[in-house]
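K.L.:
The structure is given below, and queries will be raised subsequently.
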Amino acid sequence: MYDIHDFGKMLADPVRTPAYLDALRRAVTPGCTVLEIGTGTGLFAMLARRWGAAKVYAIEPLEAIEVGRQTASANGLADGIEFIRGLSTEVNLPQRADVLVSDLRGPLPLFQAHIPSINDARDRLLAPGGVQIPARDTIRAAVVEAPVLYGGLVDPWRDDLFGLDQKAARNIVTNMWRQWWPGPQCLLTASRDWTTIDYRKTLEPHFSGELSWTVQREGTAHGLTLWFDAVLAEGIEYSNAPGEPKLIYGNAFFPFSEPVRVTPGDRVRSRIRADLVRNQYVWTWRTLVLAGARQREDSSDGEAAGTVKATFVQSTFFALPMGPRDLATQASDHRPRLNEAGHIQLKGLGLMDGSMSVGEIADDLAREFPARFQTSADASHTARGLSREYSDWRAG
């Protein structure tokens, strides 16, 4: 969840923000309509209006949009900008935009509901032939040596630290990716393109591809690093590759199950998958490390020869510890029954029919669930939370 400090760090990025402003200034024409998804505190929306856009729609689900609304008013830019708090996929506009601008990425473009949101906005809210910023991203990957980062993940779970077998915890932390900012000295291989995302086309949210590298120097392979090269508009690009100026995004580090000592000529193969499940990506990376492997000249399928040094099958799915309760309650034949918290939420939502105030709903909850709500403030907090999350405030 981003707060104002996080949005400030994005705006202060000395590469990302100027590149976006260059692309937006080029795209805005007098009298045009601009749509920004994920406006945050509204910088791009306000400058689009200042540069001549007749109408700007600025959409953001977080509270930061209120800062944008106040800033636009303070700078005489509120006229012509409509700030909409919500998800773009749930918003209808009276007109299609000429320009769509967004930055919904995390360390990688495959982040939460980024791809479905762009698909929806392009197809439903952008005029045919409209300008999209960014235009495309290419995700690249390399094998890296990262002793400090890797040690920080696994060292707390060493068996010799407390005399306990802590494999269960190690299995979790080595199946989770981490944000980091590597330098070029971390690279053990050249980079390879994994996939290119063209936002101007309808995209499936799931991605898969196989990569192969030749180790270029001796070292210890701790995992893979992935980053993206962005094209905002033709001729306006930036990259968060190792060795480029440090950007807000960082890289994504995918650790190996165990470190592997490698030498020049060793081969590393990884098949990487990213599957969108309920607005979160499940990443899977299957890796094979071969000693001194060379492509077989007589192999039609590109099979590599060489002694296997290591093979790993990893997934962020394995990083979700699940106990008997988790498994039982999610089984397809489980017959769920509401607990007390569920009954409270059901009751509160049932009272939100427009006939009762938040205070009256809180009083009703306190009467029905006296063991849960010791004070009226406790019940009021629950009622306000339900109203904040689920009420249609535009309905009055």
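K.L.:
Compute the accessible area per residue over segment 184-277, keeping the other protein chains in place, probe 1.4 Å, unit Å².
P.N.:
For segment 184-277, the per-residue accessible area is 40 Å².
K.L.:
Using alpha carbon centroids, what distance separates segment 358-383 and segment 219-254, in Å?
P.N.:
50 Å
K.L.:
For the full complex of protein chains and a 1.4 angstrom probe, list R136, R158 by accessible area with the highest value first.
P.N.:
R158, R136
K.L.:
List, in order, the whole-Hz ³J(HN,Hα) value for each residue of segment 84-89 obtained from phi through the Karplus relation with A = 6.51, B = -1.76, C = 1.60 and θ = phi - 60°; use x for Gly and Pro.
P.N.:
10, 8, x, 9, 4, 5
K.L.:
Next question. Can you give the accessible area of V313 in Å² (nearest 10), computed on protein heavy atoms with a 1.4 Å probe?
P.N.:
80 Å²
K.L.:
Would you look at the GNM of the chain, springs on alpha carbons closer than 10 Å, and say which of D266, D364, D22 moves the most?
P.N.:
Maximum fluctuation in the GNM of the chain, among the listed residues, is at D364.
K.L.:
Quote the accessible area belonging to T220 in square angstrom, nearest 10, computed with a 1.4 Å probe and with ligands, DNA and RNA left uncounted.
P.N.:
Solvent-accessible area, nearest 10 Å²: 30 Å².
K.L.:
Heavy atoms only, probe 1.4 Å: what % of the accessible area of the chain goes to carbon and sulfur, would you let me know?
P.N.:
52 percent
K.L.:
May I pose another question? Convert each backbone phi in segment 272-278 into a coupling constant with the Karplus relation 6.51 cos²θ - 1.76 cosθ + 1.60 (shift: θ = phi - 60°), then list the ³J(HN,Hα) values in order as whole Hz, x for Gly and Pro.
P.N.:
Values, residue by residue: 10, 10, 9, 10, 7, 10, 6 Hz.
K.L.:
Quote the convex hull volume per residue of segment 229-365, based on C-alpha atoms, as a whole number of Å³.
P.N.:
Hull volume over Cα atoms, normalised by residue count, gives 313 Å³.
K.L.:
Taking volume of the Cα convex hull per residue in Å³ as the quantity of interest, determine which of [x] 200; [y] 177; [z] 209 was computed from the displayed structure.
P.N.:
It is the one labelled [z].
K.L.:
With angles folded into 0 to 90 degrees, how steeply does helix 358-368 sit against the dominant principal axis of the chain? Use alpha carbons for both and round to 10.
P.N.:
80 degrees
K.L.:
Considering only protein heavy atoms, what per residue accessible area in square angstrom results for segment 1-40 with a 1.4 angstrom probe?
P.N.:
Dividing the accessible area of segment 1-40 by its residue count gives 48 Å².
K.L.:
Could you check the spin-label model distance between L203 and V173? Points 7 Å from the Cα along Cα→Cβ, value in nm.
P.N.:
Modelled inter-label distance: 3.2 nm.
K.L.:
Can I ask one more? Top mean-square fluctuation among D155, D363, D13, Gaussian network model of the chain, C-alpha springs under 10 Å?
P.N.:
Looking only at D155, D363, D13, the largest GNM fluctuation is found for D363.
K.L.:
Another one. How many angstrom lie between the C-alpha centres of segment 58-137 and segment 266-284?
P.N.:
28 Å
K.L.:
Return the aspartates and glutamates within reach of K55: Cα separation strictly under 13 angstrom, same-chain partners fewer than 8 residues apart disregarded; answer none if there are no such residues.
P.N.:
Qualifying aspartates and glutamates at Cα under 13 Å: E36, D79, E82, D98.
K.L.:
Spin-label point model (7 Å from Cα, Cβ direction): what's the L161 to F318 distance in nm?
P.N.:
The answer from the label model is 1.9 nm.
K.L.:
If I model a spin label as a point 7 Å beyond the Cα along the Cα-Cβ vector, how far apart are those points for Q70 and E90 in nm?
P.N.:
Result for the modelled spin labels: 2.4 nm.
K.L.:
Considering only protein heavy atoms, what is the solvent-accessible area of H206 at a probe of 1.4 Å, reported in Å² to the nearest 10?
P.N.:
Probe radius 1.4 Å; accessible area of H206 about 90 Å².
K.L.:
Can you put L203, L161, L327, L365 in order of accessible area, largest first, using a 1.4 Å probe?
P.N.:
L327, L161, L203, L365
K.L.:
Calculate the FRET efficiency for D392 and V148 from the Cβ-Cβ distance with a Förster distance of 56 Å, rounded to the nearest 0.05.
P.N.:
According to the calculation, E is roughly 0.65.
K.L.:
Counting only GluC sites (Glu not before Pro) that sit in a DSSP loop (anything but H, G, I, E, B) with at most 10 other Cβ atoms within 10 Å, what is the longest stretch of the chain containing none of them?
P.N.:
1-233
K.L.:
Ordered by residue, what ³J(HN,Hα) values in Hz, to whole numbers, does segment 341-351 give under the Karplus form 6.51 cos²θ - 1.76 cosθ + 1.60, where θ = phi - 60° and Gly and Pro are x?
P.N.:
4, x, 5, 5, 5, 4, 4, x, 5, x, 7
K.L.:
Something else now. Round to the nearest 0.05 the FRET efficiency obtained for H334 and R261 when R0 = 41 Å and r is the Cβ-Cβ distance.
P.N.:
0.30
The values are calculated or read from the model by the stated rules, or taken from the named source; none is laboratory data. Every value quoted in this text rests on a predicted model; they were computed, and no experiment measured them. Counting neighbours? That spans all protein chains shown, and the Cβs are built from the backbone with ideal geometry, glycine included. Protein only, heavy atoms only, side chains kept; ligands, DNA and RNA dropped before computing areas. Shrake-Rupley method; radii C 1.70, N 1.55, O 1.52, S 1.80 Å.
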